[in-house]
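What follows is a single structure, written as structure tokens, with notes after it.
Every read-out reported here was derived from the displayed coordinates using simple, explicitly stated rules and does not represent laboratory data. The model shown is predicted, which means the values in this text are computed figures rather than measured ones. Note that we place each Cβ from the backbone using ideal geometry, even for glycine, and neighbour counts take in every protein chain shown.
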Amino acid sequence: MDFGFLDGDSQVFTWVVLPLLIFFSRIADQSIGTMRLIFVSKGYKYLAPFLGFFEVIIWLIAVGQIFKQLDNFLYYIAYGAGFAAGNFVGILLEEKISLGTVVIRVIPKMDTTQLIEYLTAQNYGLTIMDAEGGRGAKVKVILSIIARKQIGDFVESINKFNPRAFYSIEEVKSVGYGIFKKKEKNSVFHSLAAGARKGK
């Protein structure tokens, strides 16, 4: 039986398998790192160190393999590509999870009666203030603090009842004592994150 194909196994491992392992390891650790930084900024002080532990372990494994083969340029390319892809994947994960709270400021261009009635019926907490526009026109400013997962529905409501309204969205680190639309707690991760946030 001919086992000649085994002669190239070491070359395949060196030039294909190991670079791919470094690439995917770097994606994993950088994705975790991106999530860790986001958790730090949002005050999840227990989840951030937990993720940091795995981030460093994976990073050490990837770097250790590069140091074993300093003359293989493909490892450096895999490392850099994995770093770049990891940032992208981390941001996508954060957007998918949508943790945190935001404040939405709405300055309508027309009557706000229907918009306010609809948002109130949807259990959004609203603060409404009289203001004066840049050209002296009287306007209403609507403020609401909501979960990031609710941004899509809120903005859709604005576009439906006041399509030309100006609005801005900003991150909020912590909130308390207000009227908030109930969040859907349909994931284990949501419960874990909520518990970690309480330790703040």
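Brief remarks follow.
- Distance in nm between pseudo-label sites at residue 69 and residue 107 (7 Å out along the Cβ direction from Cα): 5.8 nm
- Applying 1/(1 + (r/R0)^6) with r as the Cβ-Cβ distance of residue 92 and residue 53 and R0 = 22 angstrom yields a FRET efficiency of 0.45.
- Arranged from fewest to most other beta-carbon atoms within 10 Å of their beta carbon, 135, 26 become 135, 26.
- Residue exposure proxy: 101, 120, ordered by other Cβ atoms within 10 angstrom of their Cβ from fewest to most, comes out as 120, 101.
- Computed lengthening from residue 153 to residue 128, 0.36 nm per intervening residue step minus Cα-Cα distance: 7.1 nm
- Spatially close lysines, pair count over region 85-164: Cα under 29 Å, gap of eight or more or interchain: 10
- Here r is the Cβ-Cβ distance between residue 160 and residue 138 and R0 is 22 Å; the resulting FRET efficiency, rounded to 0.05, is 0.40.
- Sorted by Cβ neighbour density within 10 Å, fewest at the top, the residues 44, 118, 79, 124: 118, 79, 124, 44
- Estimated FRET transfer efficiency when R0 is 41 angstrom, pair residue 40-residue 118 (beta carbons, to 0.05): 0.65
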